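So the structure is just underneath, and the comments pick up after that.
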Amino acid sequence: MIRGFIFDYGGTLDTGGQHWGKVIWHAYEHLQVPVSETDFRDAYVHAERTLGKNPIIQPDFTFYKTLETKIRLQLEYLQASYITPLTSYILPLTSHLYEATVAETSKSREVLLSLKKQYPMVLVSNFYGNIATVLKEFKLDGIFDTIIESAVVGVRKPDPQIFTLGVEALGMQPDEVVVVGDSMDKDIIPASKAGCHTVWFKGEGWTNDPVDETNAERVITALKQLIVNE
């Protein structure tokens, strides 16, 4: 019997199941930023590693400021290989991506509020220490009973222990909890190892490599499928 939910944040509640790297690359394409996808992918990884190793993102950073920081790091990295000035794209890219994120989190909020009527919920996320600020920014604060954030608890996905912390926060047994996430490797497989039920939010991944969907107990392509059969 399912008694509670654990949700991932990035890629699950803010992009409709798409990997953030792909979301940003599509924005580059839309705004015709003159860089190759191969170079962009290198820049994306560089920015993520930089933010992971250095306390650049502060607890009071909004998602807009976080996104702007990511884009700036990417474009400054890319600029070394391109003659065309690229930093002029920071604001257009940030604004375009932010508008899409506002729309997506609004849809997610409706689903979460519907589920909250019946189930307690916990958020488990690899984030930078500012997830509380971001949730408030998108009116998602107050929905989750507890937030388990990697930068705060010192455990990161794909370590199954971070999901065990979520189960403990719910005060339940693992087989009473469903974990919903967009990453097979970081969400579904470790959540299964922690003994939880799993729902994979299938979207566009970082690579085109085939994914073994049988690792998930259920596959959805829209978050609203958690509450209605679409």
| said: How many angstrom lie between the Cα centre of the stretch 187-230 and the Cα centre of the stretch 14-58? | reply: 23 Å
| query | Comparing GLY11, GLY171, GLY181, which has the greatest mean-square fluctuation in the GNM of the chain with Cα pairs linked when under 10 Å apart? | reply | GLY171
| task | Assign unit charges at the C-beta atoms only (+1 for Lys and Arg, -1 for Asp and Glu), then state the dipole size of the chain relative to its Cα centre in Debye, rounded to the nearest 20. | result | 400 debye
| So who's got an amide H within less than 5 Å of the one on GLU204, skipping anything under 5 residues away but keeping other chains? H placed 1.01 Å off N, in plane. | GLN18, HIS19
| field | Residue among THR87, THR38, THR164 with the largest mean-square fluctuation in a Gaussian network model of the chain, springs linking Cα atoms under 10 Å | value | THR38
| message | For a quick check, take a GNM of the chain with Cα springs below 10 Å and name the residue from LYS53, LYS65, LYS193 with the largest mean-square fluctuation. | response | LYS53
| request: Would you be so kind as to identify which of HIS30, PRO55, ALA80 lies farthest towards the positive end of the dipole of the stretch 1-80, taking Lys and Arg as +1 and Asp and Glu as -1 on Cβ and the Cα centre as origin? | output: PRO55
| remark: Measuring from its Cα centre, the stretch 140-230 shows a charge dipole (+1 at each Lys and Arg Cβ, -1 at each Asp and Glu Cβ) which, in debye to the nearest 20, is 40 debye
| request: Round to the nearest 10 and give me the degree value, 0 to 90, for the angle of helix 161-170's Cα axis relative to the longest principal axis of the chain. | output: 50 degrees
| task | Calculate for the chain the 222 nm mean residue ellipticity that helices alone would give, adding -39,500 (n - 2.57) per DSSP H run of length 4 or more and normalising by residue count, nearest 500 deg cm²/dmol. | result | -13500 deg cm²/dmol
| note | Expressed in µm² per second, the diffusion coefficient of the stretch 153-230 from the Stokes-Einstein equation, with Rh the Kirkwood radius over alpha carbon pairs, at 25 °C and 0.890 mPa s, is 189 µm²/s
| remark: Lys and Arg at +1, Asp and Glu at -1: neighbours of GLY171 with Cβ under 15 Å from its Cβ sum to -3
| task | Enumerate the aspartates and glutamates that LYS193 could reach by cross-link, defined here as Cα to Cα under 12 Å, with residues fewer than 8 away along the same chain left out. | result | ASP159, ASP175, ASP185
| request: Select from PRO174, TYR64, ILE143 the residue farthest towards the positive end of the dipole of the chain; place +1 on Cβ of Lys and Arg, -1 on Cβ of Asp and Glu, and compute about the Cα centre. | output: ILE143
| message | What is the sum of charges, Lys and Arg at +1 and Asp and Glu at -1, for the other residues whose Cβ falls under 11 Å from the Cβ of GLY181? | response | -1
| Net charge of Cβ neighbours under 14 Å - reference PRO120; Lys, Arg +1; Asp, Glu -1 | 0
| What percentages, rounded to whole numbers, describe P(r) for the stretch 1-54 computed over all alpha carbon pairs with 10 Å bin width beginning at zero? | 20, 38, 28, 9, 5, 0
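Bear in mind these aren't lab numbers, they're just calculated from the coordinates by the rules spelled out. None of these values were measured; they are calculated from a predicted model. A quick note on method: Cβ atoms are made from the backbone with ideal geometry, for glycine too, and the neighbour counts reach across all protein chains shown.
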